[in-house]
Amino acid sequence: MASSHQVLLYYYYNKFPDPEAYCKEHVELCESLDLLGRILIGNEGINGTVSGTPENCDAYREYMDNHALTKGMEWKIDDVDKHQFPRLSIKVREEIVPLGLKENDFSPNECTGEYLNPEQWRDMLDGEDTVIIDARNQYEWELGHFEGALLPEVDNFRELTDWVRERKDQWEGKKVMTYCTGGIRCEKFSGFLKKEGLEDVYQLHGGIVTYGKDKEAKGEKWKGSCYVFDERIQVPINQTPDAETIAKCAHCGTVSDRYRNCEWSPCNCRHFCCEACETKTRGYCDDACHEAFLGSFASSALCE
Ligand SMILES: [Zn+2]
Ligand SMILES: [Zn+2]
């Protein structure tokens, strides 16, 4: 059966001379096609993920594929049964993936790591003298990652620059491999690694989501699932019998990849929580959040 909606994931590094004007135009386009999702536009290009009906997604792709600024862009397309975003948000940003390089910023079109397709990537994973770096945030790799990858304990992409500078000496002379969800962060991150003096730098072309669909690579050596930035939250990658869940409940440590946001709204932190613990904790990430909730209730009752 044909599905009623699709999710598109895409990016393109290219010089956008007037991001503001392009943004205005783009809002009109996406609204007319009833697309929902998040799009960032900057001088360095465009980065987006949207959902819509297959007809409207086709029309959108046709428009982008014929536009001088985005011609040649690659699309990741998933079938889904409904919109995967609550609204449409299109914004102009200095960096479409924030590595925070400011005056040292550069275009991946000038400097980036060597691209590996899924099969090449899988084969190199087993090689000697390799370092594999997960270029994503902790809340993403906790859900799934490549076997043997270095997993930076960072909350955002910007923190990766310091993380690299503290360790890069250990990687000299090795093959440095890096990957992210759809490939956009690695285009820049692998370029950054080269600018930091590392010579042998490789990136997974099309990212984890492409790897998970490849018929040859079959998602091999991937543990867990892959965090995605829409309402699905996670998608499967490993198509082999070795596929497993690796995330653990934050309360009791049993294997569970159920994401919950803390019930205490000022906290709202995202954590894994198994069903049994959700009943026990009533959805609070820890005792402090539960007490804070009870405390707020008590003080409002005093009518101060
Ligand atoms: Zn639990
Ligand atoms: Zn909390």
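The values are calculated or read from the model by the stated rules, or taken from the named source; none is laboratory data. Quick caveat, the model's predicted, so the values are computed rather than measured. Because the Cβ atoms are built from the backbone with ideal geometry, glycine has one as well, and the counts that use them run over all protein chains shown.
At a glance:
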read-out	value
Segments classed as strands (runs of 3 or more DSSP E), wholly inside region 222-304, with at least 1 members that are within 16 Å of ligand 1 (Cβ to nearest atom), surrounded by fewer than 18 Cβ atoms within 10 Å (Cβ to Cβ) and aromatic (Phe, Trp, Tyr)	259-261
Count of region 192-211 residues which are crowded, with 22+ Cβ neighbours inside 10 Å, of a type outside the set (A, V, I, L, M, F, W, C) and over 13 Å from the mean Cα position of the chain (by Cα)	3
Region 1-42: number of residues that are touching a strand residue (DSSP E or B) at 6+ places or on another chain (Cβ under 9 Å), assigned to a loop (DSSP other than H, G, I, E, B) and closer than 23 Å to PRO98 by Cβ	3
Pairs, first at pLDDT below 95 in region 266-277, second more than 11 Å from ligand 2 (Cβ to nearest atom) and aliphatic (A, V, I, L, M), C-beta under 7 Å, six or more apart	PHE272/ALA247
Some residue of region 193-214 being small (Gly, Ala, Ser), part of a helix (DSSP H, G or I) and not assigned by TED's automatic domain parsing to the domain that holds GLN120	no
Those residues of region 73-98 which are loosely packed, with under 13 Cβ neighbours inside 10 Å and more than 18 Å from LEU40 (Cα to Cα), in sequence order	ASP79, ASP81, LYS82
Output for region 183-227, where each listed residue is of a type outside the set (Lys, Arg) and under 16 Å from ASN47 (Cα atoms)	GLY183, ILE184, CYS186, GLU187, PHE189, HIS205, GLY206, GLY207, VAL209
Residues being surrounded by fewer than 22 Cβ atoms within 10 Å (Cβ to Cβ) and among the polar types (S, T, N, Q) - total across region 148-191	3
Candidate set: region 259-283, residues that are more than 27 Å from CYS226 (Cβ to Cβ) and touching a helix residue (DSSP H, G or I) at 6+ places or on another chain (Cβ under 8 Å); chosen: the one nearest to ligand 2 (Cβ to nearest atom)	TRP264
Sole exception among (1) within 16 Å of MET124 (Cβ to Cβ); (2) β-branched (Val, Ile, Thr); (3) at pLDDT below 95 for ILE233, by number	(1)
Residues of region 96-110 satisfying the condition of being of a type outside the set (A, V, I, L, M, F, W, C), at pLDDT 90 or above and under 19 Å from THR181 (Cα atoms)	PRO108
Complete set of residues in region 1-21 that are more than 24 Å from the chain's Cα centre (by Cα) and closer than 14 Å to HIS67 by Cβ	PRO17, ASP18, ALA21
